[in-house]
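Novice: Quick one: the structure is below, questions incoming.
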Amino acid sequence: MTSLTRLARNENVINFMMKVYVALLLQNYDEHHDLTKVQRLVKNLTKMEAKFAIGSLTKQGVSAGITSSAVYSFSLTTTIESKMFKYSTWAVSFADLYGVVQDAADAAQRLKLRDGIFYNALYHEKIEILYFLIEKIIERNPPILRAISSEQNVAESIMRITS
């Protein structure tokens, strides 16, 4: 299913893109082998005054809490609302439509150069062209490989996307 089809069907693509991003951040956290690592992450986030609820100390619970917090955070909401308002008027001329497509393509190219892992994850889902909707939030963090290099970096990356 193409990205435009997903948007037309009113699927929550933004939520899905954030889930993909959080899954990449948490890829080294396997509660079946090392529950203490997940607990340490939760402890780090608590020290940083994370403003989201985590129902359980499982990777899925942590991931769901982070994704929800990121999607409903004020900064992501206002960023997306401003992008959607800018690009969603029905009276879009052909030149304006070309500009939207060009902005989307430019953002996808920037992501590809900056963070190939996240780009490939979105490309696999055929939604990399919609990255421009969340770019301002994700660009606050270093590329995935650097973001997951330590537990502290993961916690800091989570805090940046949820605040």
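The values are calculated or read from the model by the stated rules, or taken from the named source; none is laboratory data. Keep in mind the model is a prediction, meaning the values are calculated, not measured. Heads up, the Cβs are rebuilt from the backbone with ideal geometry, glycines too, and the neighbour counts pull from every protein chain shown.
Novice: Which residue pairs have Cβ atoms under 6 Å apart, sit 6 or more places apart or on different chains, and have a first residue in the range 105-132 that is in contact (Cβ under 8 Å) with a residue 12 or more places away in the chain and a second that is among the β-branched types (Val, Ile, Thr) and not in a loop (DSSP other than H, G, I, E, B)?
Specialist: Between residues of the range 105-132 that are in contact (Cβ under 8 Å) with a residue 12 or more places away in the chain and residues that are among the β-branched types (Val, Ile, Thr) and not in a loop (DSSP other than H, G, I, E, B), the close pairs are Ala108/Ile129; Asp115/Ile144; Ile117/Ile144; Phe118/Ile144; Ala121/Val20; Ile127/Val13; Leu130/Val13.
Novice: Considering (1) crowded, with 17+ Cβ neighbours inside 10 Å; (2) at pLDDT below 80; (3) among the hydrophobic types (A, V, I, L, M, F, W, C), say which one Met17 fails and leave the rest.
Specialist: (2)
Novice: So, Glu135, is that one surrounded by 17 or more Cβ atoms within 10 Å (Cβ to Cβ) and charged (D, E, K, R) or not?
Specialist: Answer is yes for this residue.
Novice: Hey, another quick one. Inside the range 104-161, can you point out the residues that are among the polar types (S, T, N, Q) and assigned to a helix (DSSP H, G or I)?
Specialist: Across the range 104-161, the qualifying residues are Gln109, Asn120, Gln152, Asn153, Ser157.
Novice: A further question follows. Quick test for you: out of Leu57, Leu76, pick the one residue that is surrounded by 12 or more Cβ atoms within 10 Å (Cβ to Cβ) and either modelled with pLDDT of 70 or more or under 22 Å from Asn15 (Cβ atoms) (or both).
Specialist: Leu76
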